[in-house]
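First up is the structure itself, then whatever we jot down about it.
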Amino acid sequence: MDWSKFLGKNWRKIVLFLCDALGFMAIAVFGLGVTHLVDVFPKIAMENYWKGALILFVILFVTRWLWGVYDMVWRFTSTKANLYIVLSDLSTTIVTVLLFALLGLSSEDWAYGLIVALNALFSLSIRFVYRLLYKRKHVQNAKPTAGLNVAIVGAEQLGILLLNELKCNPKSQSNPVLFIDKDQTKIGGEIAGVPVFDEADAGGIIDKYNVAEIIIALPDLSSEELNRLYQYYAGFGCKVKVYDTPAFESGDPNEAKKRIVREFQIEDLLCRNPLSINDEESFRYYTDKTVLVTGGGGSIGSELCRQVAKCHPKRLIIFDIYENNAYDIQQELTRKYGADLDLRVEIGSVRDRARLECIFANYRPQVVFHAAAHKHVPLMEQSGCEAIKNNVIGTYNTADMAEKYGVEKFILVSTDKAVNPTNIMGASKRLCEMVIQCRTDSRTNFAAVRFGNVLGSNGSVIPLFKKQIAMGGPITITDKRIIRYFMTIPEASQLVMQAGAMAQKGELFVLDMGKPVKIYDLAVNMIKLSGYKPNEDIEIKEIGLRPGEKLYEELLMTTEKMEKTENDMIFIEKDAPLTRLQVESKLNALLDAVEASKMELGSKRLIEVMQAVVPTYKDPNSVNEKAAESMEMKQAEIA
């Protein structure tokens, strides 16, 4: 054994053990002296006393070792650590009484009990003194002379944990000066020298103590309550943070996440609790399967690839027309998994049947996630033929290849814009759903997943607002009244994954997205999160609705009859599918319109045909005129 390495690693434990051992010896001598100097105590034979003391010494320190007393870092001691000393010494007493009874030393039990009690008191005291000395030397002297004054919202266990962390971390630039709470039994008192004040008096107290930063440290907050607290405290002009585990991330759900002080994210202010997915059960379906993701380099597609990679698939194939995005996700997954993931990247278009056939014939995928699509409403309104060719015909081609080569499950990524569409993009996605739903007689299980806007996806409003804020504004919104449903990229991809595991025949899965969000409120919150004042530092400017855009997306839960799934937030829409022949007829009409429009700019001719083949297609102006009467707009006003 390398004794120098061993001693270097365990010197704190050794020093602490020696201190406890010396304390034990001193107390044992003291106990013997008491028995001989104080007449009320019976005298103990010296030989029996030290024999018992030696046995007690061995039992005591073996018991402490078993309880892990010497494995604890005592400069950061806790109530649990102190309790372990008491419990270990209590165990020592019980074992000693039983053993001494067997050895005939029971007449001296009172003396050894006194030793154990005094020794426990000594051990706790020496650790307490050590902690005070450590704080005086390493923490107080290391603290900056001028740190940020911080208020902690929540004088409960979580807030106290944060207080200790901020005080004991020499690198911390935060100086906790007060607690804010609603518990009247705590208000007016102090916790570890820090006063507790009422939430109702927050404004005056924050000014009095020159608070620059507020940290919310309350457990199990709903999204609505977290939003309320943020809006309330942000109104005092302070930076507001939260002490918790990040909820909106795409990490492994089984991996323990450390609680940290972090900035608020726009996802925290959705007023909707994050979607709960049973990853372990649902994702097991993808283990040892060959999975193909079309559009695998896009926002949803790349996140699907990340989630699939965690499931230990037999092979993962990324198929995308845009090589830069495909390259980025390839490099990311290769760095993370290396040779443990059989990853293939193929460049090609879903419009190209020959290229698709090559991919399916060679790789024989068992599961296909079809995320390849054009999705930008204004661009597709101008270039509708491309929306038809890429979205509708691309879905048709990919579905055909899935059937031909015996794919087990085919999952289409759809959108809430397919519900009563008012634009070419939404109508094209509704046609994609029809292509999927009509194949109920297939050996392949087809399904579609419909959800709202995805926060942070390419081309979405969040990246646009961030760029506009970075440029000093203004933030541009089409209309102050406009509302949308939102979810995060991890939520969207996990929803698709779970739907894929549950899919049987032609289902249309929809998500209960909660309450809609006003885009104007989203802009206001993003400006606040960036440390600016809305319409003072950064202007919010209305520019008018774009072609094909409607003020609200309709509630997904109010269409046809819904059937519950095992997840309370995921439903199946029971929509009567068309026959294959009917869908073929619609596609032929569209292809004729595309051919006739190939030399035209814009999509006027195509819109007329689209209105005929998608009966729910509506004129956006007629929808917007009656928007104020809709349940969605009224719900947004209440929220």
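The values are calculated or read from the model by the stated rules, or taken from the named source; none is laboratory data. Quick caveat, the model's predicted, so the values are computed rather than measured. Backbone-built Cβ (ideal geometry, glycine too); neighbour counts: all protein chains shown. Side chains included, ligands, DNA and RNA excluded: accessible areas come from the protein's heavy atoms. Shrake-Rupley method; radii C 1.70, N 1.55, O 1.52, S 1.80 Å.
So how do Arg481, Arg306 rank on accessible area, 1.4 Å probe, biggest first, that is with the largest at the start?
Arg481, Arg306
Using only the Cα atoms of the range 337-436, build the gyration tensor, take square roots of its eigenvalues as a ≥ b ≥ c, and label the shape rounded, prolate or oblate: rounded if a/c is under 1.5, else prolate if a/b is larger than b/c, else oblate.
Numbers: a/c = 2.00, a/b = 1.88, b/c = 1.07.
It comes out prolate by the Cα gyration axes.
I need the calculated FRET efficiency for the pair Ile543 and Tyr337, taking r as the beta carbon distance and R₀ as 35 Å, to the nearest 0.05.
Values: r = 44 Å, r/R0 = 1.26.
The formula returns an efficiency of 0.20 here.
Students often check this: by mean Cβ neighbours within 10 Å, which of 18-24, 487-493, 474-480 ranks highest, and how do the rest follow? Don't jump to the answer; show the numbers that get you there.
Details: 18-24: 15.6, 487-493: 24.1, 474-480: 17.6.
Put in order of decreasing packing, that is 487-493, 474-480, 18-24.
Which order do you get for Arg315, Arg351 if you rank them by accessible area with a 1.4 Å probe, largest at the top? Walk me through the numbers before you get to the answer.
Values: Arg315 55, Arg351 85 Å².
In descending accessible area the options line up as Arg351, Arg315.
Students often get this wrong, so check it: of Lys518/Lys550; Lys528/Lys550; Lys336/Lys528; Lys505/Lys564, which have C-alpha atoms separated by over 24 Å?
On the way: Lys518/Lys550 13 Å; Lys528/Lys550 27 Å; Lys336/Lys528 35 Å; Lys505/Lys564 16 Å.
Cα-Cα > 24 Å for Lys528/Lys550; Lys336/Lys528; rest within.
Between the range 446-511 and the range 356-424, how many Å separate their Cα centres?
Between the Cα centres of the range 446-511 and the range 356-424 lies a distance of 17 Å.
Pairs on different chains or at least eight residues apart, Cα atoms closer than 20 Å: how many lysine pairs in the range 356-495 fit?
Here the count comes out as 10.
May I ask for the percentage of alpha-carbon pairs in the range 397-553 that lie more than 24 Å from each other?
Details: 5351 of 12246 pairs.
Percentage above 24 Å: 44.
Going by a ≥ b ≥ c, the root eigenvalues of the Cα gyration tensor, does the range 471-620 fall in the rounded group (a/c under 1.5), the prolate group (a/b larger than b/c) or the oblate group?
Numbers: a/c = 2.66, a/b = 1.29, b/c = 2.06.
Oblate.
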